[in-house]
Amino acid sequence: MAKFTVNTHRFDPYRNFKFRVKIDNRYVAGLNRCSALRRSTEVITWREGGDPSLSRQLPGMTTYDPVTLEAGVTHDPTFEEFANLVHNFEGDAASSLKNFRKDIIIDVFNEAGVKVISYLLSRCWVSEYQALPDLDAGSAAVAIQQLKIAHEGWRRDPSVVEPAES
């Protein structure tokens with residue numbers, strides 16, 4: 001089977017450095033890393049009482065690993081505003097029970113900058129937020145903020161299809 005149905009001449013898979021993440025239908029500025037989308041399904045071993053020499057395996061509960069987003073520290077407040085929905089240190093309430101979950105979209109682009117794959121993460125909320133990294137006056141590193149997102153699953157967007165490449 002061909003790896004690419006529209007561009008049958010293409011052999012190489014997509015690169016992992018052209019991507020964007022949308023929160024509240026806006027792309028996050030300065031995003032430089034997004035961890036893998038990973039799910040695991042528990043294996044349940046079952047054995048029938050009358051057949052002691054054979055055990056079977058059944059699928060159990062499926063869990064989704066959290067997704068970590070990293071971005072350079074800028075004046076874009078997206079990460080901080082999202083994290084504050086779960087716990088707002090300055091607000092009257094500890095959290096916003098109405099709006100703290102959001103759907104997030106991860107878009108992957110080909111080398112020409114055309115969207116080729118899109119995933120929707122459902123009912124996401126911030127489980128960890130790092131506003132600043134360790135600061136070091138002797139280093140020339142970029143200041144990175146981090147957002148760890150818990151979610152209830154992801155699915156590929158079927159409306160994003162393989163584009164024709166020239």
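Things worth noting here:
- Residue that is nearest to N25 (Cα to Cα) [pool: residues in the stretch 112-151 that are loosely packed, with under 12 Cβ neighbours inside 10 Å and charged (D, E, K, R)]: D134
- For I117: the one exception among (1) part of a loop (DSSP other than H, G, I, E, B); (2) within 19 Å of R15 (Cα to Cα): (1)
- For the stretch 15-59, the set of residues classified as among the hydroxyl-bearing types (S, T, Y), touching a strand residue (DSSP E or B) at 6+ places or on another chain (Cβ under 6 Å) and not in a strand (DSSP E or B) consists of S35 only.
- Residues (of a type outside the set (D, E, K, R) and modelled with pLDDT under 95) located in the stretch 98-107: N99, F100
- Residues of the stretch 70-84 classified as farther than 15 Å from D24 by Cα and of a type outside the set (S, T, Y), total: 5
- Subset of the stretch 63-77 (residues that are touching a residue at least 40 places away in the same chain (Cβ under 8 Å) and either not small (G, A, S) or not in a strand (DSSP E or B) (or both)): Y64, P66, V67, T68, L69, E70, V73, T74, D76
- Flag: I44 matches the condition of being over 18 Å from A150 (Cβ atoms) and surrounded by 11 or more Cβ atoms within 10 Å (Cβ to Cβ).
The values are calculated or read from the model by the stated rules, or taken from the named source; none is laboratory data. Small disclaimer: the values here were computed from a predicted structure and weren't measured. Glycine also receives a Cβ, built like all others from the backbone with ideal geometry; neighbour counts cover every protein chain displayed.
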